[in-house]
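A.B. asks: Submitted below is the structure of interest, expressed as structure tokens.
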Amino acid sequence: MEHGMSATGHVYIQTNELKNVVIHYARASDGTIAEVERIPTGGAGSGVYKPISGQESAPNAFEAAGSVIVTADKRFLFATNGGDNSVSSFGVGEDGKLTLLDVKRTGNIVPGRSGTAKSLAYSAASGTLFVLHSFGPDHVRLMSVDGEGKLTARPEGYTVNTPDKPLRVSTMVVLSPDEKFLVVGTTFDQPAEANPDGSPILWADQPDGTKKSVASNAPDPDGIVVFPVQPNGSLGDGLFQDGGGASPFYPAFLHHRPDRLVIGYAVSDGIALATFDERGELGTGPVVKIDTSAGLPSELCWLAVSPDDQWVFATNFGYSNISSFRIDGDVVSLAHDSACPRVPGDGTFRALNGTVSSGPSDNWISPDGSYLYQIYANASKLIGYEVQSDGSLTEITSAEIPYNSPQGLAGF
């Protein structure tokens, strides 16, 4: 986008550097982006360090999604600061520019080099911000947001642990469209150990000498946790449910059918369409898988649902690419195993399957469904694609971003 060209929209990403910054891009009508500003959050990221695994330098620091969100009325932007377990609140101007309004700690202590505050959901009805952390016991903490965007940490804390799984790793948090339920995805029942090359190990030794997958919901059917939301934003007891596959990383509600959501599975290598009833109970359909000949698992994690609910774009962390799926009624089909060419990284990062990967993470689709934006942190790139009529993607724009650390993508 040429300097001075008027923007039709805006895209935001957090660098997750030790001194965390939100980068603001103006988005032109043709989908191209141009950097406008870098605004310090006033909080700390983890840098290139990956606290979820202890790796000194790796993308996707927190196994997270939704660390940057914009409110529906476009008044506020919120961003986590995973390094010090805080949240920053920004005012959003009519020109998309940001003004830092507040920074507050979530209430979870930072036990080592970094905290893990990672995913956000906002209820306008109660003015409550839900903050998810990778590690518990208080995975979910609450903040109140006043009319000026000021934050107040609340004392409540909620867990996705179970008595026999005291070290679970959650991934993302999302509100049901009616804001009556908070849905939490998970990825591991315990933190994964690492191979000598730094890649995580999916299996853990058990006391009886056997090995068990550390992937959540594999086989125990308790990988998605649904909390009822009270009028003041506090949560009721969590309902632990079958997520339908291994590591139900990313739950995303459809835009026009509030009783349906899609789930992306990091270890089951596909997506499923699920029903969601008035009691907050899930009914998952079959997992529609991608081609996994390149190695298992693909770590299909982040989803972007098109505004018309026709397409789902799924990021393959282990394959350095994006898959696309089509939704017809209650039937999901694979459109493209690879909707775009693979984006190589610098060769230093290996995924769970041992494959060298650029570690793509968060994605975001424009409100008109025409453009998809994708983080490739190990390649130091934010890439924008034009969505084609067959669900394939054509690269149209890119921006250089910091190495390995960036997380979170939002816009309007």
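The values are calculated or read from the model by the stated rules, or taken from the named source; none is laboratory data. Bear in mind that the values here come from a model prediction, so they are computed numbers and not experimental data. Neighbour counts run over all protein chains shown; Cβ positions are idealised from the backbone, glycine included.
A.B. asks: Where the second residue is outside any strand (DSSP E or B) and the first is hydroxyl-bearing (S, T, Y) and lies in region 138-153, which pairs have Cβ atoms under 6 Å and are six or more apart or on separate chains?
C.D. replies: S144/G127
A.B. asks: I would also like to ask the following. With (1) on the phi > 0 side of the Ramachandran plot; (2) surrounded by fewer than 19 Cβ atoms within 10 Å (Cβ to Cβ); (3) of a type in the set (G, A, S) as the list, and S126 as the residue in question, which single condition is left unmet?
C.D. replies: (1)
A.B. asks: Mind checking which residues of region 278-291 are outside any strand (DSSP E or B) and in contact with a Gly (Cβ under 9 Å, 6 or more places away or on another chain)? Can you show your working first?
C.D. replies: We begin by selecting, within region 278-291, every residue outside any strand (DSSP E or B); these are 278-281, 285-287, 290-291.
Hits for region 278-291 are G285, P286, V287, I290.
A.B. asks: Of all the residues that make up region 55-80, how many are of a type in the set (A, V, I, L, M), under 18 Å from N195 (Cα atoms) and assigned to a strand (DSSP E or B)?
C.D. replies: Number of matching residues: 0.
A.B. asks: For region 165-180, name all the residues that are crowded, with 22+ Cβ neighbours inside 10 Å and in contact (Cβ under 8 Å) with a residue 60 or more places away in the chain. Walk me through it before giving the result.
C.D. replies: Of region 165-180, the ones crowded, with 22+ Cβ neighbours inside 10 Å are 168-174.
The answer is V169, T171, M172, V173, V174.
A.B. asks: Only residues that are surrounded by fewer than 23 Cβ atoms within 10 Å (Cβ to Cβ) and small (G, A, S): list them for region 32-43, please. Don't jump to the end; show me each part of the working.
C.D. replies: Looking only at region 32-43, we keep the residues that are surrounded by fewer than 23 Cβ atoms within 10 Å (Cβ to Cβ), and these are 32, 34-40, 42.
If the condition is that a residue be surrounded by fewer than 23 Cβ atoms within 10 Å (Cβ to Cβ) and small (G, A, S), then A34, G42 are the ones that fit.
A.B. asks: Also, quick follow-up: Pick from region 271-280 the residues that are free of Cβ contacts under 8 Å to residues at least 60 places away in the same chain and in contact with a strand residue (DSSP E or B) (Cβ under 7 Å, 6 or more places away or on another chain): which of them is farthest from F249 (Cα to Cα)?
C.D. replies: The qualifying residue farthest from F249 (Cα to Cα) is T275.
A.B. asks: Select, from S53, S46, S67, the only residue that is closer than 22 Å to V140 by Cα, surrounded by fewer than 24 Cβ atoms within 10 Å (Cβ to Cβ) and among the hydroxyl-bearing types (S, T, Y).
C.D. replies: Numbers: S46 fails: surrounded by fewer than 24 Cβ atoms within 10 Å (Cβ to Cβ); S67 fails: surrounded by fewer than 24 Cβ atoms within 10 Å (Cβ to Cβ).
Result of the check over S53, S46, S67: S53.
A.B. asks: So which of P231, P177, P221 ends up being closer than 23 Å to G408 by Cβ, modelled with pLDDT of 95 or more and part of a loop (DSSP other than H, G, I, E, B)? Full working, then the answer.
C.D. replies: Details: P231 fails: closer than 23 Å to G408 by Cβ; P221 fails: closer than 23 Å to G408 by Cβ.
Being closer than 23 Å to G408 by Cβ, modelled with pLDDT of 95 or more and part of a loop (DSSP other than H, G, I, E, B) holds for just one of P231, P177, P221, which is P177.
A.B. asks: Quick check on my filter: what residues within region 100-117 are free of Cβ contacts under 8 Å to residues at least 60 places away in the same chain and either assigned to a strand (DSSP E or B) or crowded, with 24+ Cβ neighbours inside 10 Å (or both)? Step through it out loud before you land on a result.
C.D. replies: Step one: list which residues in region 100-117 are free of Cβ contacts under 8 Å to residues at least 60 places away in the same chain, which gives 101-102, 104-111, 117.
Scanning region 100-117 gives L101, D102, K104, R105, T106, A117.
A.B. asks: Might you let me know whether region 242-250 holds any residue that is among the polar types (S, T, N, Q) and not in a strand (DSSP E or B)?
C.D. replies: Residues of region 242-250 among the polar types (S, T, N, Q): 247.
Next, only the ones that are not in a strand (DSSP E or B) stay: 247.
Yes, region 242-250 contains a residue that is among the polar types (S, T, N, Q) and not in a strand (DSSP E or B).
A.B. asks: Do we have L239 as surrounded by fewer than 19 Cβ atoms within 10 Å (Cβ to Cβ) and either under 23 Å from A64 (Cα atoms) or hydrophobic (A, V, I, L, M, F, W, C) (or both) here? So that I can check it myself, show each step before the final result.
C.D. replies: Working: surrounded by fewer than 19 Cβ atoms within 10 Å (Cβ to Cβ): yes; either under 23 Å from A64 (Cα atoms) or hydrophobic (A, V, I, L, M, F, W, C) (or both): yes.
So L239 fits the description; yes.
A.B. asks: Residues that are of a type in the set (S, T, N, Q), buried (at least 21 other Cβ atoms within 10 Å of the Cβ) and within 20 Å of the chain's Cα centre (by Cα): find the strands (runs of 3 or more DSSP E) completely inside region 303-412 holding 1 or more of those. Can you show your working first?
C.D. replies: Details: elements: 311-316, 321-328, 331-336, 360-365, 371-376, 381-387, 393-400, 407-411.
Because the criterion is at least 1 residues that are of a type in the set (S, T, N, Q), buried (at least 21 other Cβ atoms within 10 Å of the Cβ) and within 20 Å of the chain's Cα centre (by Cα), the strands (runs of 3 or more DSSP E) in region 303-412 that meet it are 311-316, 321-328, 360-365, 371-376, 407-411.
A.B. asks: In region 223-245, how many are within 16 Å of A272 (Cα to Cα) and over 17 Å from the mean Cα position of the chain (by Cα)? Working first, answer last.
C.D. replies: Within region 223-245, the first condition is being within 16 Å of A272 (Cα to Cα), and the residues that meet it are 223-224, 241-245.
Narrowing further to those that are over 17 Å from the mean Cα position of the chain (by Cα): 241-242, 244-245.
Of the residues in that region, 4 qualify.
A.B. asks: If you don't mind, another one. Given (1) touching a Lys or Arg at 6+ places or on another chain (Cβ under 8 Å); (2) closer than 27 Å to T348 by Cβ, identify the lone condition not met by G9.
C.D. replies: Here G9 meets the rest and fails (2).
A.B. asks: Looking at N85 and the list (1) modelled with pLDDT of 95 or more; (2) on the phi < 0 side of the Ramachandran plot; (3) of a type outside the set (D, E), which single condition is not satisfied?
C.D. replies: (2)
A.B. asks: Would you point out the residue of region 349-359, among those that are polar (S, T, N, Q) and at pLDDT 95 or above, that is farthest from Q374 (Cα to Cα)? Before you say what the answer is, go through the steps one by one.
C.D. replies: Looking only at region 349-359, we keep the residues that are polar (S, T, N, Q), and these are 353, 355, 357-358.
Imposing the further condition that a residue be at pLDDT 95 or above reduces the set to 357-358.
On the way: S357: 14, S358: 12 Å.
Once the filter is applied, the top-ranked residue is S357.
A.B. asks: Hey, another quick one. Quick one: in region 246-257, of everything that is surrounded by fewer than 24 Cβ atoms within 10 Å (Cβ to Cβ) and under 20 Å from the mean Cα position of the chain (by Cα), which residue is nearest to A304 (Cα to Cα)?
C.D. replies: The initial filter retains those residues of region 246-257 that are surrounded by fewer than 24 Cβ atoms within 10 Å (Cβ to Cβ), namely 246, 252-257.
Filter again for under 20 Å from the mean Cα position of the chain (by Cα), leaving 246, 252-255.
Numbers: A246: 20, A252: 8, F253: 10, L254: 10, H255: 11 Å.
Restricting to residues being surrounded by fewer than 24 Cβ atoms within 10 Å (Cβ to Cβ) and under 20 Å from the mean Cα position of the chain (by Cα), the top hit is A252.
A.B. asks: Any residue in region 148-158 that is within 20 Å of the chain's Cα centre (by Cα), buried (at least 18 other Cβ atoms within 10 Å of the Cβ) and part of a strand (DSSP E or B)? If you could, list the steps in order and put the result at the bottom.
C.D. replies: Applying the first criterion (within 20 Å of the chain's Cα centre (by Cα)) to region 148-158 yields 158.
So of that shortlist, the ones also buried (at least 18 other Cβ atoms within 10 Å of the Cβ) come out as 158.
Cutting the leftovers down to part of a strand (DSSP E or B) gives us 158.
Checking region 148-158: at least one residue is within 20 Å of the chain's Cα centre (by Cα), buried (at least 18 other Cβ atoms within 10 Å of the Cβ) and part of a strand (DSSP E or B).
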